[in-house]
Structure formats: C-alpha cells, structure tokens
1. Could you tell me which residue of region 1-43 is farthest from LYS75 (Cα to Cα), considering only residues that are in contact with a Lys or Arg (Cβ under 6 Å, 6 or more places away or on another chain) and assigned to a loop (DSSP other than H, G, I, E, B)?
2. Regarding ILE236, is this residue surrounded by 18 or more Cβ atoms within 10 Å (Cβ to Cβ), assigned by TED's automatic domain parsing to the domain that holds THR129 and more than 25 Å from VAL151 (Cβ to Cβ)?
3. Determine, yes or no, whether ASN193 is polar (S, T, N, Q), at pLDDT 95 or above and either closer than 30 Å to CYS270 by Cβ or surrounded by 18 or more Cβ atoms within 10 Å (Cβ to Cβ) (or both).
4. What about TYR165, is it touching a Cys at 6+ places or on another chain (Cβ under 9 Å) and assigned by TED's automatic domain parsing to the domain that holds PHE253?
5. Given the conditions (1) within 17 Å of the chain's Cα centre (by Cα); (2) more than 16 Å from VAL108 (Cα to Cα); (3) free of Cβ contacts under 8 Å to residues at least 60 places away in the same chain, which single one is not true for GLU168?
6. Just checking, how many residues over region 239-281 are polar (S, T, N, Q), assigned to a loop (DSSP other than H, G, I, E, B) and either free of Cβ contacts under 8 Å to residues at least 40 places away in the same chain or surrounded by 15 or more Cβ atoms within 10 Å (Cβ to Cβ) (or both)?
7. Within region 172-213, take every residue that is in a strand (DSSP E or B) and aromatic (Phe, Trp, Tyr) and give me the one that is farthest from ASP227 (Cα to Cα).
Amino acid sequence: MKLIEIITDILANSLHPLQLNEIYDLVEKHKHLPACTEYLRVKVRKSAVARCLTKYTSGNNPIIGIVNEEQASYKKYYLLRSYLGGNTPKEIDLHPVLVKFLYENFGVFCKTIQATKIIKKTQKTLTWTNPDIVGVKPVILYWNEFFRKEVEKLGLFSTRVLEFYSFEIKLKVDKSNLIESYFQAVSNSSWANYNYLAVGDLDRKPTFIDELKRLNKGYGIGIIQLDAQKPEQSSIVVEAVKNENVDINFMNFLSSNNKDFLNFIRECSCIVEKKEINQTFFDPII
C-alpha cells in the first residue's frame, strides 16, 4: 500500500482539515501501516508525510487542498471534492459549511472535537459523549469597557460573558435513524447554552418536521440543515431552546477526557482574560 493511499483515507474520514502533525500521528496509527513499505523504510517518517503532501497539493491535478497556505505553521490539509467523486456530500464538505454558517449567523467561533483525542480510551461510554463541534460566542466583547469589567465578575459561564454552543453532525437524518441521531445529540451536546443537530440531507416532510418540533419541546435540540453545494441556502429548521446555565459537571467530565475540549475551554478563558479572539486556535472560516 502506498503512503498517499493512507493519507487520502485519513483525510476522507476527517470532519475537518488536518495539520501535518495530526496527519503524521494518524498515519502512525493507521491499520494499513504495516503494508506501506515505502514509508516504513524511511528514517524520518514525518518528513516523508510532508513530502507526500507537497507532491499531491501541487501540479496540474492536485488531490489535496490547503487551508492557511500563506502561514506555514498553520497549514491544514483536506481532500479535494473532485477526488472524493462528483458532488456527493461528505462530512468533510459539511464541516466548513457549518463553521461559516455559525460565524455569519451567530457570531460563533468553532472548534472541532476529535474523538481520537480521548484521554481515557478504555471507557466505552465516551463514544457518545464527545460533540463533533463546539462553539463560543464572545458576548463580553460586545459590551463597552465599563460593562466588560462588571460582567466579567459574573464568571466564565455567565451568558453575559460567553455563550456556548455544541453541535452533532450527520450526513443524513430521516425516519430510519432519527432516534439514534437525535439522542446522540442529546447525549453529546446538552451541556451547552445552545445545542444543535446539523444535517446535510434532512427529510423535509411536514410530518417529520412536526416530530422534530415535538422532540425540541422535550429536549431543546435545534436542527440546522446544511447545503454543501449552496452554503448560502443552509438554514435553521428548528431553533434550539436556550439553556441559561451550562452543565459544569458535564463540561468538567468532557475536559477531563478529551484534550480538544480542554483546550477549547482554556481558550475561552483567554478570551475573557485578554478581551480578544485568537482566531488561529479556532477552525478556519473558508
């Protein structure tokens, strides 16, 4: 097996663009690594991954795209849609659509939470406890200088300081998988102020939408339909019910078990402390 085949498999199964270090780590853990002799015989393996990425992001027919190309230390790679095949939506296509939609409609900055960053991997229950994407709306930055000092006293988890969002992403949701998809969102996302299930292909039959509204009354999960081909046509189908208080106990559990979530909370604390957004930490808006 060739190294590029392993890399394309990794990128095809990622919800978001990956940095060189992330790709290298996943190559080292890939199930087909023992069959990749060209990689195993190289002494500096990370350099081999870097050379492979350079080769397949250039030329007349590149198969890998780059985000933040002008900033070497922040470069991220993704599989081009033309290589994935036609216009069939993939989760990697939905990810940047959702990130941009949230920023433009809510002023929310997003961070993908990778299940591979689980700290305690022996716990099977963690399969249904990690949200796909989390977001923060820096409400404190909307106040003038006087009120910023006052609302800061309310603490990190006050909605007058920050609003937290959590999202579960699904390619398709209809009657056949509604219960599983919806309650995965309930399990993973109900800790936040706003919780959404974001879907690429959503059943829009009136009876199905009525069922989503009924579930919303009981659990508060909102529904976003994403359009990978026409992102501007993405829309909120059902508004999420706002939770005035986040579930701090569950946030503590997530941050204790997932490095991405822990780093996200730390960055949110920095927003409050420094009164500014470090956009390089969050997922790119493309």
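The values are calculated or read from the model by the stated rules, or taken from the named source; none is laboratory data. Model, not experiment: these values are computed from the prediction. So basically every Cβ, Gly included, is an ideal-geometry build from the backbone, and we count neighbours across all protein chains shown.
1. Filtering region 1-43 for residues that are in contact with a Lys or Arg (Cβ under 6 Å, 6 or more places away or on another chain) and assigned to a loop (DSSP other than H, G, I, E, B), the one farthest from LYS75 (Cα to Cα) comes out as PRO17.
2. Taking the combined requirement at face value, the residue does not satisfy it.
3. When the stated conditions are applied, ASN193 passes them.
4. So TYR165 passes the test.
5. Of everything listed in (1) within 17 Å of the chain's Cα centre (by Cα); (2) more than 16 Å from VAL108 (Cα to Cα); (3) free of Cβ contacts under 8 Å to residues at least 60 places away in the same chain, GLU168 misses just condition (2).
6. Qualifying residue count for the region: 2.
7. TYR194
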